[in-house]
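Enquirer: Here you go, one structure.
The values are calculated or read from the model by the stated rules, or taken from the named source; none is laboratory data. Just so we're clear, the structure is a prediction, and the values are computed from it rather than from any experiment. Methodologically, a virtual Cβ is constructed for each residue, glycine included, from the backbone with ideal geometry; neighbour enumeration extends over all protein chains shown. Remember, those area values only see protein heavy atoms, side chains included, never the ligands or the DNA or RNA. Shrake-Rupley method; radii C 1.70, N 1.55, O 1.52, S 1.80 Å.
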Amino acid sequence: MAPMSAPAGNDRPFLNRRLAAFGTTIFAEMSALAARTGSINLGQGFPDTDGPAEIAEAASRAVLAGLGNQYPPGAGVPELRTAIAAHQQRFYGLSYDPDTEVLVTAGATEAIAAALLALLEPGDEVIALEPFYDSYAACIAMAGAVRVPLTLRAPDFRPDLDALRDAITPRTRLLLLNTPHNPTGTVLTPAELAGIAELAVRHDLLVITDEVYEHLVFEGSHTPLASLPGMRERTVTISSAGKTYSFTGWKVGWITSTPELVTAVRSVKQFLTYVSSGPFQYAVAEALGLPDSYYEGLRADLAAKRDLLSDGLAAAGFQVYRPQGTYFVTTDIAPLGESDGIAFCRALPERCGVVAIPNQVFYDDKSAGATQVRWAFCKKTEVLREAVDRLRRLA
Ligand SMILES: *Cc1c(COP(=O)(O)O)cnc(C)c1O
C-alpha cells in the first residue's frame, strides 16, 4: 500500500530519488509484448542456442563433484582466475597476476556496478559513450555521480575526440567505454583508443572499459584499451562468459586491473553478491581454454547472421548501419516514413510479429536516437529467415 505522502500517480512511491527517473527496463516491456503476441523476439540479446555441450558438461560435472556448491573464494576460484589471466595473455599479450589482478563477478553487470560504486564520489562526472548500455546510467546514479554523454551519431557512430576533450572538466573522474559497442556495433580503432588514452593520461582519469563482445568483431580486431601506453594502471577491464560462450544465464563475469583497483572493486563486490555461480566458474575456466577454432567459428557464425538480418532489413526498407561487432544491428526507420522508434517498436508485433528495441531509450539526446531501432541477430538462422520474411510486409 502506498504511504499517505506518496504523490498521486507515482506507482513506485518507495523508490529513492536517485533511481526514480529509471523506469522498468525496455527489455522487460518488449519481451512481455513478444510473449503476449507470439512474436519473434529480436529485442533482448541472448542466443537461442546454448554454448558448447562440453562446457555444459563441465558445469554439470562440477556440481556432481561438489566443486563450487558452497561459497567459492571471494575473488573467484583459482582455476578461473588463472584461466582469465591466461586468456588476456593469449589474445592480447597482457599479463595479469591471477591472485591480485583478477576478480570474478556475477556477470559483467555486477562488475560495472561494483566498479562505479567503488571508484566514484558523489558529484563526480563520468563521461560515457552514448547510446549507453542499459545499466550504465542507473549505476552512475546509484553512485550519486553525474553522467556526461559522448554521443555516437549516425551514420558512422564514431567518437568525436574534440567533443571528448571539451567534455572533460575538473570534476571528471572516469571514462566509461564499451567496445565493441552495444547497440551501435562500433569497434573503436587503435587510433581512436590512442586519442582517448592520451586524454585519460593527460587528465589523470580512471577508465572502465566494458569488453563483453571482445570475441565478436567481424571487421578489424578488438584492441583492449589496457594495452595502450599509460593505460594498464588506470583501466578496469570488464568481460564476461555470457556472450563469448553463449551461456548468458550463468552470470560469470570478471575484471582485470591493478591490485589497487581490483581491491577497491572487490570491497564493493563483497557486499553486493559476495560470491556467485560457484560450479559455473569451473566450467568457464575450461571454456576460456577452448581452441582458436571455437572463437573463429563463433565469429563466422554470427557474421553470417549479421549479414542475413542486415540484408533482410535493407530489403524491407530500413536504412541499415551494418555493425562491426556485437549481437546487434541498428537501423533507421525514417525511410519507412516513420519518426518515432518507440511507437514503431510498440506497434511492430501487431503489424508483423517481430519485436525490436528502440535505441532512443539508450540516449540522453533523444533526437540523436529518435528513429533508430536495434535488432539482435544471435538467433537461429531459420528464426532470422522467418523474421526477415515477416518484415517484408513493411516494404
Ligand atoms: C550483455 C551485456 C552486459 C552484461 O553482461 P552479463 O555478463 O550478462 O552481466 C554488459 N555490457 C554490455 C555492453 C552487454 O551487452
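Enquirer: When the C-alpha atoms of segment 241-395 are aligned to their principal axes, what extent does each axis show, in angstrom, from largest down?
Expert: The Cα atoms of segment 241-395 stretch 53, 38, 25 Å along the principal axes, largest first.
Enquirer: What full-extension length gain, to one decimal in nm, is calculated for ALA28 and ALA191 as 0.36 nm per residue of separation minus the Cα-Cα distance?
Expert: On the way: separation 163, 0.36 × 163 = 58.68 nm, distance 3.74 nm.
That works out to 54.9 nm of additional length.
Enquirer: Rank THR326, THR244, THR49 by mean-square fluctuation in a GNM of the chain with C-alpha springs under 10 angstrom and give only the top-ranked residue.
Expert: THR49
Enquirer: Once you have a ≥ b ≥ c as the square roots of the Cα gyration tensor eigenvalues for the chain, tell me rounded if a/c is under 1.5, and otherwise prolate or oblate according to whether a/b is larger than b/c. Write out the running numbers ahead of the final one.
Expert: Details: a/c = 1.35, a/b = 1.18, b/c = 1.14.
It comes out rounded by the Cα gyration axes.
Enquirer: Over the chain, average the accessible area per residue using a 1.4 Å probe and give it in Å², no decimals.
Expert: On the way: 16230 Å² over 395 residues.
So the chain comes to 41 Å² accessible per residue, rounded to a whole number.
Enquirer: Between ASP48 and ASP389, what is the FRET efficiency for a Förster distance of 25 Å, r being their Cβ-Cβ separation, to the nearest 0.05? The partial results should precede the final answer.
Expert: Numbers: r = 17 Å, r/R0 = 0.68.
For ASP48 and ASP389, the calculated efficiency is 0.90.
Enquirer: Next question. Pairs to check: LYS251/LYS379; LYS269/LYS379; LYS243/LYS269; LYS243/LYS305. Give those whose C-alpha atoms are more than 24 Å from each other in this structure.
Expert: Details: LYS251/LYS379 20 Å; LYS269/LYS379 32 Å; LYS243/LYS269 22 Å; LYS243/LYS305 15 Å.
Distance filter (> 24 Å) returns LYS269/LYS379.
Enquirer: Determine the sum of side-chain charges near ARG18: Lys and Arg each +1, Asp and Glu each -1, restricted to other residues whose C-beta is under 13 angstrom from that of ARG18.
Expert: Net charge in that neighbourhood comes out at +3.
Enquirer: Separate question: Is the shape of segment 210-253 rounded, prolate or oblate, going by the alpha carbon gyration tensor and its root eigenvalues a ≥ b ≥ c, with a/c under 1.5 for rounded and a/b larger than b/c for prolate? Provide the component values of the computation, followed by the final result.
Expert: Numbers: a/c = 5.19, a/b = 1.51, b/c = 3.44.
Verdict is oblate for segment 210-253.
Enquirer: Could I ask something else about it? Modelled label-to-label distance, ASP156 and SER60, 7 Å Cα→beta-carbon offset: nm?
Expert: 5.1 nm
Enquirer: I want to check the label-to-label distance for LEU15 and THR37. Put each point 7 Å from Cα in the C-beta direction and report it in nm to one decimal.
Expert: 2.4 nm
Enquirer: Could I ask something else about it? Can you compute the FRET efficiency between THR273 and ARG351 using 1/(1 + (r/R0)^6), with r the Cβ-Cβ distance and R0 = 30 Å? Round to the nearest 0.05.
Expert: Using R0 = 30 Å, I get an efficiency of 0.15.
Enquirer: Quote to one decimal, in nm, the extra length available between ALA303 and GLU198 on full extension: 0.36 nm per residue of separation minus the C-alpha distance between them. The partial results should precede the final answer.
Expert: Details: separation 105, 0.36 × 105 = 37.80 nm, distance 3.22 nm.
Result: 34.6 nm gained on full extension.
Enquirer: What number, in percent, do you get for the relative contact order of segment 135-258 if the mean sequence gap of Cα pairs under 8 Å and at least 6 apart is divided by its residue count?
Expert: Values: 170 pairs, mean separation 22.9, N = 124.
Dividing the mean separation by the residue count of segment 135-258 yields 18 percent.
Enquirer: Please check: in the Gaussian network model of the chain (C-alpha springs, under 10 Å), which one of PHE318, PHE271, PHE27 has the largest mean-square fluctuation.
Expert: Taking springs between Cα atoms under 10 Å, the residue moving most is PHE271.
Enquirer: Helix-only mean residue ellipticity at 222 nm, the chain, DSSP H runs n ≥ 4 weighted -39,500 (n - 2.57), per residue, nearest 500. What is it? Spell out each step's value before the answer.
Expert: Details: 14 runs with 162 residues, N = 395.
-12500 deg cm²/dmol, from helical runs alone.
Enquirer: Most mobile of ASP162, ASP48, ASP332 per a Gaussian network model of the chain (Cα springs, under 10 Å)?
Expert: Judging by the Gaussian network model, the answer is ASP162.
Enquirer: Skipping prolines and chain starts, which residues have an amide H placed within reach, meaning under 5 Å, of the one on GLU130, given they are 5 or more residues away or on another chain?
Expert: Amide H to amide H, under 5 Å and 5 or more residues apart or across chains, GLU130 pairs with LEU150, THR151, LEU152.
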